[in-house]
1. Take the residues in the range 30-84 that are touching a residue at least 60 places away in the same chain (Cβ under 8 Å) and on the phi > 0 side of the Ramachandran plot, then tell me which one is surrounded by the most Cβ atoms within 10 Å (Cβ to Cβ).
2. What is the residue count in the range 244-264 for residues that are over 28 Å from the mean Cα position of the chain (by Cα), of a type in the set (Gly, Ala, Ser) and either in a helix (DSSP H, G or I) or surrounded by 13 or more Cβ atoms within 10 Å (Cβ to Cβ) (or both)?
3. Right, Tyr119: assigned to a helix (DSSP H, G or I) and aromatic (Phe, Trp, Tyr) or not?
4. Can you name the condition, by its number, that His223 falls short on among (1) without any contact (Cβ under 8 Å) to a residue 24 or more places away in the chain; (2) part of a loop (DSSP other than H, G, I, E, B)?
5. Looking for something assigned to a loop (DSSP other than H, G, I, E, B), polar (S, T, N, Q) and under 13 Å from Asp95 (Cα atoms) - is there at least one such residue anywhere in the range 124-140?
6. For the subset of the range 234-243 comprising residues that are in a helix (DSSP H, G or I) and not β-branched (Val, Ile, Thr), which member is surrounded by the most Cβ atoms within 10 Å (Cβ to Cβ)?
7. Considering only residues of the range 263-287 that are touching a Ser or Thr at 6+ places or on another chain (Cβ under 7 Å) and touching a residue at least 60 places away in the same chain (Cβ under 8 Å), which is farthest from Glu38 (Cα to Cα)?
Amino acid sequence: MKYITLILLTFSFGYGFEYYLKPQKIEEGIYCFFGKTENISKQNAGNMVNTCFVQTKEGFVVIDSGPTYAYASQAYTQMQKIAQLPVKYVIITHDHDDHWQGNSFYKSKGALLIGPRTYEQNVVAGMKTRMLRVLGKELYGKTKIVKLDTIVDSNLSITVGSQIFQIRQLTPIAHTKGDLIIYLPAKKILFAGDLVFNDRLTSLRDGSILGSLKALKKIDAYHAKVIIGGHGYKTDANATETLKSYLIKMKKEILDAQDHDIGMDEITRKVILPEFRKMKLYNVLHKRNVLDAYKELEMMEDEE
């Protein structure tokens, strides 16, 4: 048994982590790799994020490049099994590092990288990313930080092989200060990045509960038949409902608590939201979300 474990570790660290990526077909020409609904760890090597690719006549368009160079390389191998086409563009939905650290692989293949202004502001060559800190140098491997080719400040549309990709920032701040969605109007499919979570809780650490609710409302206004979030497996037209319900109930209970002069030291004991306890990462993220939302809503009241 020890011998087998040693062989597996040697393979993982010496030759790159094997992600066993299997593309799930959303509809003709559109595929996603769905990550695990858990935190980053050495055991999953960052495979806890959803990344997708769209096949066109000219080549592939990738939505989020994933957590490492090795992940992107293995995703590309799976694409080539579907069609031997180049990757023309990679669109990054926001600057959290589980979504973009495959960029350097695609750059080496000649792809053009598109992303939000916050990537340019927050992603600096040589920085020690969260992924590097958790995974270590061996699993991080050939992963490098590279610059984007095109920055999106609000709206951009590109056409690849007659397929139109509408890239939009819906609000100034939601999950982060630079969240992008990608909408395919011909197919009514919307890639929401981390504006939409399913099967696990979101994090408000870099964002806004009010901005997130505004963004979800705008996503619903597209009336897309498919909505693909950054984490989780639900992709139908109602994919926003679980997160929306969580944030609405949290907001209401925090405002009620503030009306009754419940302070920050007590708020996490008051706003429990037991109906969401079974969701993945509840114990890790919920209390922090309540505290972040409390501070934001308190500031809103002060401004009024």
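The values are calculated or read from the model by the stated rules, or taken from the named source; none is laboratory data. The structure displayed is predicted, hence computed values, not measured ones. Counting neighbours? That spans all protein chains shown, and the Cβs are built from the backbone with ideal geometry, glycine included.
1. Taking the range 30-84 and keeping what is touching a residue at least 60 places away in the same chain (Cβ under 8 Å), we get 30, 32, 34-35, 37-42, 45-46, 48-50, 52, 54, 56-59, 61, 63-64, 67-70.
Restricting the remaining residues to those that are on the phi > 0 side of the Ramachandran plot gives 45-46, 59, 64.
On the way: Ala45: 23, Gly46: 29, Gly59: 20, Asp64: 31.
Top of the filtered list is Asp64.
2. Narrowing the range 244-264 to residues over 28 Å from the mean Cα position of the chain (by Cα): 255-264.
Checking the rest, the ones that are also of a type in the set (Gly, Ala, Ser) come to 257, 263.
With either in a helix (DSSP H, G or I) or surrounded by 13 or more Cβ atoms within 10 Å (Cβ to Cβ) (or both) added as a condition, the list becomes 257.
Qualifying residue count for the region: 1.
3. Working: assigned to a helix (DSSP H, G or I): yes; aromatic (Phe, Trp, Tyr): yes.
The answer is yes for Tyr119.
4. It is condition (1) that His223 fails.
5. Kept after step one, since they are assigned to a loop (DSSP other than H, G, I, E, B), are these residues of the range 124-140: 124-129.
Filter once more, keeping what is polar (S, T, N, Q): 129.
Among the residues that remain, those that are also under 13 Å from Asp95 (Cα atoms) are: 129.
Within the range 124-140 (the criterion being assigned to a loop (DSSP other than H, G, I, E, B), polar (S, T, N, Q) and under 13 Å from Asp95 (Cα atoms)), the answer is yes, since at least one residue qualifies.
6. Just the residues of the range 234-243 that are in a helix (DSSP H, G or I), to begin with: 241-243.
Then keep just the ones that are not β-branched (Val, Ile, Thr); that gives 241, 243.
Numbers: Glu241: 15, Leu243: 24.
Of everything passing the filter in the range 234-243, Leu243 is surrounded by the most Cβ atoms within 10 Å (Cβ to Cβ).
7. Residues of the range 263-287 that are touching a Ser or Thr at 6+ places or on another chain (Cβ under 7 Å), as a first pass: 280, 285, 287.
Within this subset, residues satisfying the condition of being touching a residue at least 60 places away in the same chain (Cβ under 8 Å) are 280, 285.
On the way: Lys280: 7, Leu285: 11 Å.
Only one residue fits best here, namely Leu285.
Yes or no, residue by residue, for (1) assigned to a loop (DSSP other than H, G, I, E, B); (2) hydrophobic (A, V, I, L, M, F, W, C); (3) at pLDDT below 95:
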| position | (1), (2), (3) |
| --- | --- |
| Asn44 | yes, no, no |
| Met48 | yes, yes, no |
| Lys57 | yes, no, no |
| Val62 | no, yes, no |
| Tyr71 | no, no, no |
| Tyr76 | no, no, no |
| Met79 | no, yes, no |
| Leu85 | yes, yes, no |
| Tyr89 | no, no, no |
